[in-house]
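Worksheet for the structure shown next.
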Amino acid sequence: MRRGRASDGSEPDAASAPKTDPLGVVLLQEAKQCNALVATMRETLTDLAAAIRGLRVMTPALEDMSRSLVRNQVPRLWARHAYTSSKPLASWARELVRRVDYIRGWAELGPPRSFWFGALFSPQSLLSAVLQAHSRKIMKPIDELGITFQPVWTPAGTTSVRWDVNNPESREALPMDAVPRNAPGIVIHGLYAECCQWSWTRRCLRAPGPGSAASPLPALLVSPVPVAEAEEGREGRFLCPLYKTAERAGTLSTTGQSTNFVTEIPLPVEVGTDPAVWVLRGAAALCSLGD
């Protein structure tokens with residue numbers, strides 16, 4: 001996939017992830033959305049260049065796009081096909097390149113050791129794929145399954161696994177020996193904590209330092225388990241809401257879900273601390289930061 005397309009100009013067939021594989025379906029959906037966005041950008045930029053040269057009519061939509069580019073804003077023509085983001089145009093474009101590179105690597109080289117959760121148009125679909133794959137494996141209804149999130153620890157067990165903040169799209173974003181072998185589910189990375197921080201050695205949330213707005217969360221092992229076990233894993237933990245952007249606001253989609261809210265991640269708190277403290281602090285997890 002070259003900036004959203006394969007080298008022959010067609011959409012990637014994701015041979016390493018067949019259509020019957022839930023993760024393969026996620027890959028195909030993400031690749032199609034990437035391709036649609038890149039195609040829209042290419043078409044509208046070509047039209048705008050022609051309009052500026054006087055070769056075609058400057059429509060209101062193209063005029064609005066021109067103003068957005070000058071103001072370092074993502075044009076509305078692009079935003080309709082894009083992922084949810086609060087970044088200005090320059091940072092948005094750099095992140096888009098990284099997202100396309102990540103999807104292309106997944107299509108060409110197969111599923112990564114750890115999935116960059118924030119790179120997806122629909123992160124919820126990856127969680128659903130984990131449940132679907134396990135449901136098929138154990139031959140049980142998906143309604144009887146839930147998901148647990150566990151911080152991944154280093155082999156020595158001394159600290160949580162850090163991911164490469166500067167290169168989240170890299171297949172080496174996590175150390176080679178950090179991902180548990182034969183573990184059920186998948187490992188994800190790329191999340192940030194806002195209004196709280198993760199204690200890398202104490203395995204729990206702590207108050208953020210002075211002037212700290214957002215900080216990385218550790219890589220997480222996402223495991224499919226029976227619903228009862230998933231409910232037990234929520235007890236005594238802060239049910240941290242996960243949003244796509246720091247705006248924490250969205251609109252209801254046709255499925256009834258918010259376009260910004262993703263899910264709740266049960267995170268451990270210090271012994272003797274009421275999880276409600278983090279609710280009052282306004283703590284949340286984010287897939288992507290603004291500038």
When the residues of the stretch 137-164 are narrowed to those that are aromatic (Phe, Trp, Tyr) and part of a strand (DSSP E or B), which ends up nearest to the chain's Cα centre (by Cα)?
PHE149
Taking the stretch 121-153 and keeping only residues that are farther than 16 Å from PRO226 by Cβ and in contact with a helix residue (DSSP H, G or I) (Cβ under 6 Å, 6 or more places away or on another chain), one is left with PHE121, PRO123, SER125, LEU126, ALA129
For the stretch 224-232, state whether one or more residues are part of a loop (DSSP other than H, G, I, E, B) and modelled with pLDDT under 95.
no
Restricting attention to the stretch 51-73, does a residue exist that is of a type in the set (Lys, Arg), surrounded by fewer than 20 Cβ atoms within 10 Å (Cβ to Cβ) and in contact (Cβ under 8 Å) with a residue 24 or more places away in the chain?
no
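The values are calculated or read from the model by the stated rules, or taken from the named source; none is laboratory data. Because the structure is predicted, anything quoted here is derived from the model rather than measured. When we count neighbours, we look across all protein chains shown, and the Cβ atoms used for this are built from the backbone with ideal geometry, even at glycine.
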